[in-house]
Amino acid sequence: MKRISGNADDIKDKKDRVKKDGYNRGQHCIYCLTYHMIFVTHYRKPVINEEMSSAMKEFSNHMAEQFRGKILSAETDRDHIHLLVSLPPNTNVSVFVRSIKTQLSREMRKRFPEQIKQYIYGDDTSFWSRSYFIATTGSVSLETVKQYIESQRSKEHKAKIGSKFQKKNLLE
């Protein structure tokens, strides 16, 4: 049986180091997967007020935690919400989007029925538009990643590729 040593302060320090480097750790992986998501209200109705905005941000965080993720940033306008979400690699992002849109809608209808009824008529009318925006985010450009990957070739591999190109050019 493996014994875990260290006190609570040591464990807290290790968790803080994980957060500072910007990467999350899973059981078998290290990852940094972040997504920018935008959900728009049905027909872009200006339903969201300040109180609802705060509730949405709080509930979004709760939903992300259910998927072992985290809301890094959230902001609303009268007719949409922006979320910057970190999720683990085993999360099906489309399932997360469907779940958070559904649960946000249910929760907001429960908490703010009168506010919503002013703009969205009928219980069967969706709170959110069916569409959404999602983009992955990164700390470096695609060009930087491509250059890094290409720089990982060994000198021997580069020499082989170079000699193949020279032979091909001579034959043409």
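Does residue 99 satisfy the condition of being within 24 Å of residue 23 (Cβ to Cβ), of a type in the set (Gly, Ala, Ser) and assigned to a helix (DSSP H, G or I)?
no
Look at segment 69-79 and say how many of its residues are assigned to a loop (DSSP other than H, G, I, E, B) and within 17 Å of residue 30 (Cβ to Cβ).
1
Looking at 62, 82, which is the one that is assigned to a helix (DSSP H, G or I) and either out of contact with any Pro (no Cβ under 7 Å at 6 or more places or on another chain) or polar (S, T, N, Q) (or both)?
Only one candidate qualifies: 62.
Determine which member of the set 40, 47 is assigned to a strand (DSSP E or B) and either at pLDDT 90 or above or surrounded by 13 or more Cβ atoms within 10 Å (Cβ to Cβ) (or both).
None of the other options fit; the residue is 40.
Working only within segment 102-128, note down all residues that are free of Cβ contacts under 8 Å to residues at least 40 places away in the same chain, under 19 Å from residue 62 (Cβ atoms) and either assigned to a loop (DSSP other than H, G, I, E, B) or not charged (D, E, K, R) (or both).
Across segment 102-128, the qualifying residues are 102, 105.
Which residue is nearest to the chain's Cα centre (by Cα), if the candidates are limited to segment 114-128 and must be surrounded by 11 or more Cβ atoms within 10 Å (Cβ to Cβ) and not aromatic (Phe, Trp, Tyr)?
Ranking the candidates gives 126 first.
One line per residue, one yes/no per condition, for (1) part of a helix (DSSP H, G or I); (2) modelled with pLDDT of 65 or more; (3) surrounded by 10 or more Cβ atoms within 10 Å (Cβ to Cβ); (4) acidic (Asp, Glu):
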site: 130; (1), (2), (3), (4): no, yes, no, no
site: 133; (1), (2), (3), (4): no, yes, yes, no
site: 139; (1), (2), (3), (4): no, yes, no, no
site: 143; (1), (2), (3), (4): yes, yes, no, yes
site: 148; (1), (2), (3), (4): yes, yes, yes, no
site: 153; (1), (2), (3), (4): no, yes, yes, no
site: 157; (1), (2), (3), (4): yes, no, yes, no
site: 163; (1), (2), (3), (4): yes, no, yes, no
site: 169; (1), (2), (3), (4): yes, no, no, no
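Taking segment 35-69 as the region of interest, how many residues are in contact with a helix residue (DSSP H, G or I) (Cβ under 8 Å, 6 or more places away or on another chain) and among the small types (Gly, Ala, Ser)?
4
The values are calculated or read from the model by the stated rules, or taken from the named source; none is laboratory data. Here the structure is a predicted model, which means the values were calculated and not measured. So basically every Cβ, Gly included, is an ideal-geometry build from the backbone, and we count neighbours across all protein chains shown.
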